[in-house]
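In what follows, a single structure is set out as structure tokens and then discussed.
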Amino acid sequence: MTSGSVTRSGVEPGRAPRAPEPRSAADSPAIAEADWAAAVAAVRGVGPDDEVQLICHVNPDGDALGSMLGFALGLRRLGFTRLRATFPGEFDVPEPYRQLPGSELLVPEAQAWADPPLILIFDVAAESRLGGLADRLDGDACVVALDHHASFTGFGTVSLVDPTAAATSVVAEGLLSRLGVPLDAEIAECLYVALTTDTGSFKFVRSPSVHELAARLIATGISPAEIARRTFDTRPFGAMKLAGEVLGRATLDPSAAGGRGLVWTWATTADLERHGQRPYVLDALIDPVRGVAEADVAVVVKELTPGEWAVSLRSKGGVNVSAVAAALGGGGHRLAAGFTGHGTPEDVIAQIRPLLEAYAA
Ligand SMILES: [Mn+2]
């Protein structure tokens, strides 16, 4: 999700002259020149036949997989031969991302390199999102973290974190550019999928530099229409039926969040089983829920295991949901965040409710 903070290139009425637009992520003022240089040195510090491990977050989304695979393909162009890309947990790549270029580099967590000299981590704001792979941080590897979450907890030998970036792929492109890797259609497809998924198909973009990057990606010959159809507009029949049930049980609570309103719903693993669907299909359901006019805050509570729930929060601007999520052990952005909840869905909502008051804008 896009950052809720005002970007340096955001339009601020009455403020003139405006700062020049960043030409690309490589010019991002949020990342210090010394950090870019350290990341370049980290990549150049290993040989092409050394093991390189790329990792993205548990339950990977389009930005996690797209930025990781796009960068992996860039390393391949530089001659690296022993690349492996992975994520923690069940090796279940969401259907829309199975055809991403570079997918052949994906391996299950158990096949990740045990002790590689270089590890690159994508879209991971906290070590808890690395699951069983977090132990790799304790070895001798040089660890480069690329991220765009304001809640980034600070790990790795080098961290390239730009909270103003629309997606981790913006940071990945900045590093590829500094490594001298030209964009080609395969790399561009990965980075474009990442950019479109994290910006809600560019709905949440605050900076013209995002569209400038998109233009350069499209110029490689990729097809935005085909990518959008595959990524957003294709789903199994069962997923549509499941959505009907989950949306049908939504609750509107106009008095929540100091009268700003809360709309919420939930889905269980039994719902998924009944319709023969995988958990990722539930991720799209936050979008129709957040569209409810009568509520500032939208919440979808998704069962992970009995009594444990992945909770997605969105705000239209009236509540800092990043602070709400952080208070409950999670994180994210001001308008889009998440955490792991416990008990029943009603228990989870009862935990959230007082925090919505506390962090109302
Ligand atoms: Mn992201």
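Which residues, counting only those in the range 129-147, are within 16 Å of the ligand (Cβ to nearest atom) and either modelled with pLDDT of 95 or more or surrounded by fewer than 22 Cβ atoms within 10 Å (Cβ to Cβ) (or both)?
130, 145, 146, 147
Restricting attention to the range 284-307, report how many residues are of a type outside the set (Ser, Thr, Tyr) and within 17 Å of residue 348 (Cβ to Cβ).
Matching residues across the range 284-307 total 14.
If I ask for residues that are small (Gly, Ala, Ser) and buried (at least 23 other Cβ atoms within 10 Å of the Cβ), which ones from the range 193-210 would you list?
If the condition is that a residue be small (Gly, Ala, Ser) and buried (at least 23 other Cβ atoms within 10 Å of the Cβ), then 194, 209 are the ones that fit.
The values are calculated or read from the model by the stated rules, or taken from the named source; none is laboratory data. As the structure is a prediction and not an experimental result, all values here were calculated from the model. Positions of Cβ are generated from backbone atoms using ideal geometry, with glycine treated the same way; all protein chains shown enter the neighbour counts.
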